[in-house]
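Novice: I'd like to ask some things about the structure below.
The values are calculated or read from the model by the stated rules, or taken from the named source; none is laboratory data. The model shown is predicted, which means the values in this text are computed figures rather than measured ones. Here the Cβ is made from the backbone with ideal geometry for all residues, glycine too, and neighbour counts use every protein chain on show. The accessibility values were calculated without ligands, DNA or RNA, using every heavy atom of the protein model including side chains. Shrake-Rupley method; radii C 1.70, N 1.55, O 1.52, S 1.80 Å.
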Amino acid sequence: MQKLFPLLFLCLFFACEDPDPAASTDLTATKWQKVSLDFRGPATSETAEENPFTDYRLDVNFSLNDTVFTVPGFFAADGNAAETSADAGAVWRVNFRPDREGLWQWEAVFRKGKDIVYNDSQSQGERIEVEGQTGSLFVQPAAAGESGRLVRTHPRYLQWAESGEY
């Protein structure tokens, strides 16, 4: 019985250990890495009567603890318009570069209405449900040599956010 107790203790210890947050998330990235999320929305075109640039609005709220970033999305046609020259499709995209490590959550708020892009309220217009509307992103430490983004900390000079160098 004495030989079984340490084995039982180890089994219980590893069974109660916190799960790896990266294993239970939708995406994994490093700090400052560009993350592109594509959403399947209504099929439309650049010449449609309902203008995809003014009559639809995609906002994605990224949150980590008490921090929330609202990132505007855009109509991406077929998702590869730079290569295909497509002017129609059903892909809507948002690009995000996380500035902190940890487990981020996102929620997409997609709305439709005449000139809705000019209205700052996330409750105006008709709500459109999209696949992948919510999800999570686990952000790991920045890659070696990463400088981050340029920020204005001085009236004349820009500074790298990660390294602090001007």
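Novice: Since T153 meets every condition but one in (1) β-branched (V, I, T); (2) open to solvent by 60 Å² or more (accessible area, probe 1.4 Å); (3) closer than 19 Å to F96 by Cα, which condition does it not meet?
Specialist: It is condition (3) that T153 fails.
Novice: Checking the conditions here, which among S163, S136 is in a loop (DSSP other than H, G, I, E, B), open to solvent by less than 90 Å² (accessible area, probe 1.4 Å) and touching a residue at least 12 places away in the same chain (Cβ under 8 Å)?
Specialist: Result: S163 is the single residue among S163, S136 that is in a loop (DSSP other than H, G, I, E, B), open to solvent by less than 90 Å² (accessible area, probe 1.4 Å) and touching a residue at least 12 places away in the same chain (Cβ under 8 Å).
Novice: Now for a separate question. Kindly indicate the residue of region 38-80 that is in contact with a Leu (Cβ under 8 Å, 6 or more places away or on another chain) and open to solvent by less than 80 Å² (accessible area, probe 1.4 Å) and also farthest from A90 (Cα to Cα) among those meeting that condition.
Specialist: L64
Novice: Mind checking which pairs have a first residue in region 108-127 that is in contact (Cβ under 8 Å) with a residue 12 or more places away in the chain and a second that is of a type in the set (A, V, I, L, M) and not in a strand (DSSP E or B), Cβ under 6 Å, 6 or more apart or different chains?
Specialist: So the pair list comes out as A108/V130; F110/V130; G125/I116.
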